[in-house]
Amino acid sequence: MMGVLYDYFHATDHTTAVNQAIGPDGDWLRGTSLEEAGADWIDAKGFDPNVVLAQLVAYAEGVQFRDQQDSPELFWPEPPYPQGESVEPDSPWETGRVLEQIPDRWRDVLADLPEDAVPMVAAHWYEIEEIDFADYLDAKDMVDTFKSLASRARTAGAHLYCRCCL
């Protein structure tokens, strides 16, 4: 059974994000890897931005997950998904890839997470049902990884993005 892969990276705008994560001007047939595109990115395997990352942000803020006021924004392929219609084989919707922009507020919450709060946030995040961390240290390493990526993005004046690949 294949899983869903999530890659998180930062870019200054949607156009740059598409060029890096999909291909030049959204041409997925000519696309390269994020690494080849020169992106600052992390491979987060099954860390869905709408559930798993959202819970990390909630723990970092000290709020309930259900109280999140914002969420990632799908922008490629351009919404809406053509429901009830046949999708052409050359449609971007047939690539199995989507791009979402992570809210800048989430980037800032993660970047501002105090070092002394990381262990407690990781302990809470380790308990979520949606991800099976190897152990607490694995969860803590991922908190540190997201915190670092968010800090680099903010320093660069960039947004965080997530590429989902089915």
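Both the radius of gyration and Dmax for segment 18-161 are 16.6, 52 Å, in that order, over alpha-carbon atoms. Once neighbouring chains are kept in place and the probe is 1.4 Å, which whole percent of the accessible area of segment 1-62 is contributed by carbon and sulfur? That share works out to 53 percent. In the context of the full set of protein chains, residues of the chain present 54 Å² of accessible surface per residue (probe radius 1.4 Å, heavy atoms only). Highest mean packing first, where packing is the average number of other Cβ atoms within 10 Å per residue, the peptides 5-11, 130-136, 45-51, 26-32 line up as 5-11, 45-51, 26-32, 130-136. About its Cα centre, the chain has a charge dipole of approximately 240 debye under the convention of +1 per Lys or Arg Cβ and -1 per Asp or Glu Cβ, with nothing else charged.
Annotation for Glu127 and Leu166: the two label points, set 7 Å from Cα along the Cα-Cβ direction, are 3.5 nm apart.
Taking the accessible area of segment 75-166, probe 1.4 Å, and keeping the other protein chains in place, the carbon and sulfur fraction comes to 50%. Computed per residue of the chain from DSSP H runs no shorter than four, each worth -39500 (n - 2.57), the mean residue ellipticity at 222 nm is -9500 deg cm²/dmol. Please give the solvent-accessible surface of Asp43 in Å², to the nearest 10, using a probe radius of 1.4 Å with every protein chain present. Here the accessible area works out near 80 Å².
The values are calculated or read from the model by the stated rules, or taken from the named source; none is laboratory data. Note that the coordinates shown come from a computational prediction; the quantities given were computed from them, not determined experimentally. Reconstructed Cβ throughout: ideal geometry from the backbone, glycine too, with neighbour counts over all protein chains shown. In case anyone asks, the SASA skips ligands and DNA or RNA and just uses the protein heavy atoms, side chains included. Shrake-Rupley method; radii C 1.70, N 1.55, O 1.52, S 1.80 Å.
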